[in-house]
Amino acid sequence: MKRFFVAVVLNLAVVLGFFSAAFAIMSAERLAKIPEADLDPNGVFKYVLIRVHSKDDDSYVDIVRGYAWAEYHADIYDRVAGELEKSGGLDCECLGGGRIKHDKDAKKIHVYGYSMGFGKANHSVSTEKIKTHYPDYEVTWADEGY
């Protein structure tokens, strides 16, 4: 009986270890599919920096979302976080916000300002995310302005 118990415990550990690794791979794949930046194509608008966490492990990705339709930074966060969390296995947290001036004709994006509700995002992180999505743009940031 004792050997049976030990065998069951060892088998369970192997199975759980396998599933943990499988979930980590699925989480990484799911997070990798989320675009790092999504911005309106032109204009001046609010943006938020969101950290998307996997519920299965410690993995996460930071994403930038900016839209002219948003009256408040929370409007963007609520919509994006709601959609991502509804897909299952993900949690979101807002790391801050600011404003974006996007000039598609000049191929320039400027990140600045802050969110009254969420505080100032780390604009250097936001600009790096934006640069991956807009590699042929001049992307700059400043801590001044609202």
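List the residues, sorted by chain then number, that are 5 or more residues from residue 68 or on another chain and whose placed amide H is less than 5 Å from its amide H.
The list, which skips near neighbours in sequence, is 40.
Based on the Cβ-Cβ distance of residue 59 and residue 85, what FRET efficiency does E = 1/(1 + (r/R0)^6) give at R0 = 22 Å, to the nearest 0.05? Each step should come with its number before you reach the end.
On the way: r = 16 Å, r/R0 = 0.71.
FRET efficiency, residue 59 to residue 85: 0.90.
Compute the label zone of residue 104 within the stretch 123-146: residues whose backbone N is under 18 Å from the point 7 Å along Cα-to-Cβ.
130-139
Which of the pairs 33/101; 55/107; 86/108 have their Cα atoms more than 31 Å apart in this structure? Mind showing how you got there, number by number?
On the way: 33/101 26 Å; 55/107 37 Å; 86/108 34 Å.
Over 31 Å apart, Cα to Cα: 55/107; 86/108.
With a 10 Å radius around each residue's Cβ, average the other Cβ atoms per peptide and rank 138-144, 44-50, highest first.
Details: 138-144: 13.7, 44-50: 23.1.
Highest mean packing first, the order is 44-50, 138-144.
Could you tell me whether the stretch 23-103 comes out rounded, prolate or oblate from its Cα gyration tensor? Rule is a ≥ b ≥ c as square roots of the eigenvalues, rounded for a/c under 1.5, then prolate if a/b exceeds b/c, otherwise oblate. Let's see the in-between values first.
On the way: a/c = 2.60, a/b = 2.08, b/c = 1.25.
The shape class here is prolate.
Can you put 72, 137 in order of accessible area, largest first, using a 1.4 Å probe?
Details: 72 135, 137 45 Å².
From most exposed to least exposed: 72, 137.
Given axes a ≥ b ≥ c from the Cα gyration tensor, I'd like to know whether the stretch 81-146 is rounded (a/c under 1.5), prolate (a/b larger than b/c) or oblate.
On the way: a/c = 2.52, a/b = 1.42, b/c = 1.77.
It is oblate, given that a/c is not under 1.5 and a/b is not larger than b/c.
Roughly how many Å² is the accessible area per residue of the stretch 48-146, as a whole number, for a 1.4 Å probe? Write out the running numbers ahead of the final one.
Values: 5180 Å² over 99 residues.
So the stretch 48-146 comes to 52 Å² accessible per residue, rounded to a whole number.
What's the extension gain from residue 42 to residue 128 if we count 0.36 nm per residue and subtract their Cα-Cα distance? Walk me through the numbers before you get to the answer.
Working: separation 86, 0.36 × 86 = 30.96 nm, distance 1.88 nm.
Full extension of this stretch gives 29.1 nm more.
Put 40, 105, 78 in order of accessible area, largest first, 1.4 Å probe: what do you get? All intermediate terms of the calculation are to be shown ahead of the outcome.
On the way: 40 35, 105 135, 78 95 Å².
From most exposed to least exposed: 105, 78, 40.
Quick check: the distance between the Cα centres of the stretch 116-141 and the stretch 53-78, to the nearest angstrom?
13 Å
The values are calculated or read from the model by the stated rules, or taken from the named source; none is laboratory data. Quantities reported herein were computed from a predicted structural model and do not represent experimental measurements. Note that we place each Cβ from the backbone using ideal geometry, even for glycine, and neighbour counts take in every protein chain shown. SASA here: full protein model, heavy atoms, side chains in, ligands and nucleic acids out. Shrake-Rupley method; radii C 1.70, N 1.55, O 1.52, S 1.80 Å.
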